[in-house]
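Reading through the structure tokens given below for one structure.
The values are calculated or read from the model by the stated rules, or taken from the named source; none is laboratory data. None of these values were measured; they are calculated from a predicted model. Every residue, glycine among them, receives a Cβ derived from its backbone with ideal geometry; neighbour counts consider all protein chains shown.
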Amino acid sequence: MTHYEMTERLSEKMGVTLEEAKTALEACDWEMLDAALLLEKERGEAGGETYSTRREAKEEPPKDGARARGRGVVKGLGDLIRSAFNLGNRNRFEVRRGEELMLEMPVLVLVLLMVFAFWVCVPLLVIGLFAGFRYAFSGSELGKESVNQAMEKAAEVAEKVKEEVTGEK
């Protein structure tokens, strides 16, 4: 490779003028790597941005990076659980018979009952539908009309099944 080609290549790679590249190459006896390091060092002393292939210039991540990530995951999980608890406490599950409110509890209590006593709660809810109870949700998130319409449809289906079995209208 000619001196001119070396100067052009160094100029391109280092983002300097041809003149600066030639000066650096001449100062380093036309050794490309040494000239690149010289230009890099000069750029660093001038306060510009530097790039290096040397290990000591690379910033090592902290040794406890995995621990910090773990804390971030735990914090995120904690935030998720806290928001679920808040959601469960802001909304209510209501049991009515006719116009009378028989029972009202936070949705969180209903969820916990469903998790820990599923085989007791589900049959009781179904039996309640056949006994004429109606279920609804109230609150800012779950008190929506679409949610309560679904609950009403379930009650209507239970009523139809009851009528078919007993033969009364």
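Can you find even one residue in region 98-107 that is of a type in the set (V, I, T) and within 20 Å of V161 (Cα to Cα)? Scanning region 98-107 turns up no residue that is of a type in the set (V, I, T) and within 20 Å of V161 (Cα to Cα). Against the list (1) in a helix (DSSP H, G or I); (2) in contact with a strand residue (DSSP E or B) (Cβ under 8 Å, 6 or more places away or on another chain); (3) at pLDDT 90 or above; (4) surrounded by 15 or more Cβ atoms within 10 Å (Cβ to Cβ), the condition N148 fails is (3). Among residues of region 88-111 that are without any contact (Cβ under 8 Å) to a residue 60 or more places away in the chain, those with a beta-carbon under 7 Å from a residue that is exposed (fewer than 12 other Cβ atoms within 10 Å of the Cβ) and in a strand (DSSP E or B) at least six positions away or on a different chain give the pairs E94/L101.
Listed here are the residues, each with its yes/no results for (1) aromatic (F, W, Y); (2) surrounded by fewer than 16 Cβ atoms within 10 Å (Cβ to Cβ); (3) over 18 Å from the mean Cα position of the chain (by Cα); (4) not in a helix (DSSP H, G or I).
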| site | (1), (2), (3), (4) |
| --- | --- |
| V73 | no, yes, no, no |
| D79 | no, yes, no, no |
| N89 | no, yes, yes, no |
| F93 | yes, no, yes, yes |
| M102 | no, yes, yes, yes |
| L110 | no, no, yes, no |
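Remark: pairs (first residue in region 3-15, surrounded by 13 or more Cβ atoms within 10 Å (Cβ to Cβ); second residue of a type in the set (V, I, T); Cβ separation under 9 Å; 6+ apart in sequence or on different chains) = L10/V16; S11/T17.
Can you name the residue in region 29-44 that is in contact with a helix residue (DSSP H, G or I) (Cβ under 7 Å, 6 or more places away or on another chain) and within 16 Å of E5 (Cβ to Cβ) and, of all such residues, is surrounded by the most Cβ atoms within 10 Å (Cβ to Cβ)? Walk me through it before giving the result.
Looking only at region 29-44, we keep the residues that are in contact with a helix residue (DSSP H, G or I) (Cβ under 7 Å, 6 or more places away or on another chain), and these are 30, 32, 35-36, 38-39.
This time we only want the ones that are within 16 Å of E5 (Cβ to Cβ), so: 30, 32, 35-36.
Numbers: W30: 15, M32: 17, A35: 24, A36: 21.
The extreme case among them is A35.
If I ask for residues that are part of a helix (DSSP H, G or I), closer than 17 Å to N91 by Cα and either not assigned by TED's automatic domain parsing to the domain that holds V95 or not hydrophobic (A, V, I, L, M, F, W, C) (or both), which ones from region 112-145 would you list?
Residue satisfying the conditions is E145 alone.
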